[in-house]
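**Student:** Before I ask anything, let me first share the structure, which is written out below as structure tokens.
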Amino acid sequence: MDSLLVGSEVVILGDLNCKVLEDCYEGRALTGFCSTFNLTQLVESPTRVTETSKSVIDIVLTTNKDFVENCVVKSSCISNHNLVCFNLELKALGPRHSYVTI
């Protein structure tokens, strides 16, 4: 949480194994958490698909939507748990300054 206090970009990702976008206790808890810490949940497509249900159980939370690009869910042929893929818009660090005393 220190990163939030100093204004750093924050990305939180994981497999929560709860239906995060539905109106249930876990979904409301995640919505409250995001609201408290000014986070946006980027995964909107189902990440677990079975014959009888589709649900979003994986998250990518961020403080800046422009920092995370192309957040997509790709289906998997070996599991009912889909892959969440995204790119981070990282800035290259500039060269370090060096000082020479003569």
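The values are calculated or read from the model by the stated rules, or taken from the named source; none is laboratory data. Here the structure is a predicted model, which is why all the values come from computation and not from measurement. All Cβ positions, glycine included, derive from the backbone under ideal geometry; neighbour counts span all protein chains shown. Areas reflect the complete protein model, heavy atoms only, side chains present, ligands, DNA and RNA absent. Shrake-Rupley method; radii C 1.70, N 1.55, O 1.52, S 1.80 Å.
**Student:** Using θ = phi - 60° and the Karplus form 6.51 cos²θ - 1.76 cosθ + 1.60, what ³J(HN,Hα) does each residue of region 90-102 get, whole Hz, x for Gly and Pro?
**Tutor:** 9, 9, 6, 6, x, x, 6, 6, 10, 10, 10, 9, 10
**Student:** So who's got an amide H within less than 5 Å of the one on Val60, skipping anything under 5 residues away but keeping other chains? H placed 1.01 Å off N, in plane.
**Tutor:** Leu42, Val43
**Student:** Please build a GNM for the chain, connecting alpha carbons under 10 Å apart, and tell me which residue among Leu30, Leu42, Leu16 fluctuates the most.
**Tutor:** Answer for the Gaussian network model of the chain: Leu16.
**Student:** Per residue, how many Å² of accessible area does the chain show with a 1.4 Å probe? Let's see the in-between values first.
**Tutor:** Details: 7780 Å² over 102 residues.
About 76 Å² of surface per residue is accessible.
**Student:** Could you pull the Rg and Dmax for region 6-49, using just the Cα atoms, both in Å?
**Tutor:** Final numbers for Rg and Dmax: 11.4, 39 Å.
**Student:** Please identify the longest segment of the chain free of exposed trypsin sites (Lys or Arg not before Pro), where exposed means a DSSP state other than H, G, I, E or B and no more than 11 other Cβ atoms within 10 Å.
**Tutor:** Values: sites that count: Lys91, Arg96.
The segment 1-90 is the longest one with no such site.
**Student:** Taking percent of Cα pairs over 18 Å apart straight from the coordinates, which label in (i) 42; (ii) 60; (iii) 56 is the correct one?
**Tutor:** Correct label, based on the coordinates given: (iii).
**Student:** Using the Cα gyration tensor of region 51-96, with a ≥ b ≥ c the square roots of its eigenvalues, what is the shape: rounded (a/c below 1.5), prolate (a/b larger than b/c) or oblate (neither)?
**Tutor:** Working: a/c = 4.40, a/b = 2.54, b/c = 1.73.
In terms of gyration-tensor shape, prolate.
**Student:** Using a Cα-Cα cut-off of under 20 Å, which lysines could be cross-linked to Lys91, ignoring same-chain neighbours fewer than 8 residues away?
**Tutor:** Filter leaves Lys65.
**Student:** Can you pull out the chymotrypsin sites (Phe, Trp or Tyr not before Pro) in region 1-78 that DSSP calls coil and that have at most 10 other Cβ atoms within 10 Å?
**Tutor:** Numbers: sites: Tyr25, Phe33, Phe37, Phe67; in loops: Phe37.
Here no loop site has a sparse enough neighbourhood.
**Student:** Between 0 and 90 degrees, rounded to the nearest ten: what's the tilt of helix 25-36 against the longest Cα principal axis of the chain?
**Tutor:** Approximately 20 degrees, to the nearest ten.
**Student:** Then there's this: Just to confirm my numbers, what's the Cα centroid distance between region 81-102 and region 11-47 in Å?
**Tutor:** Each part's Cα centre sits 28 Å from the other's.
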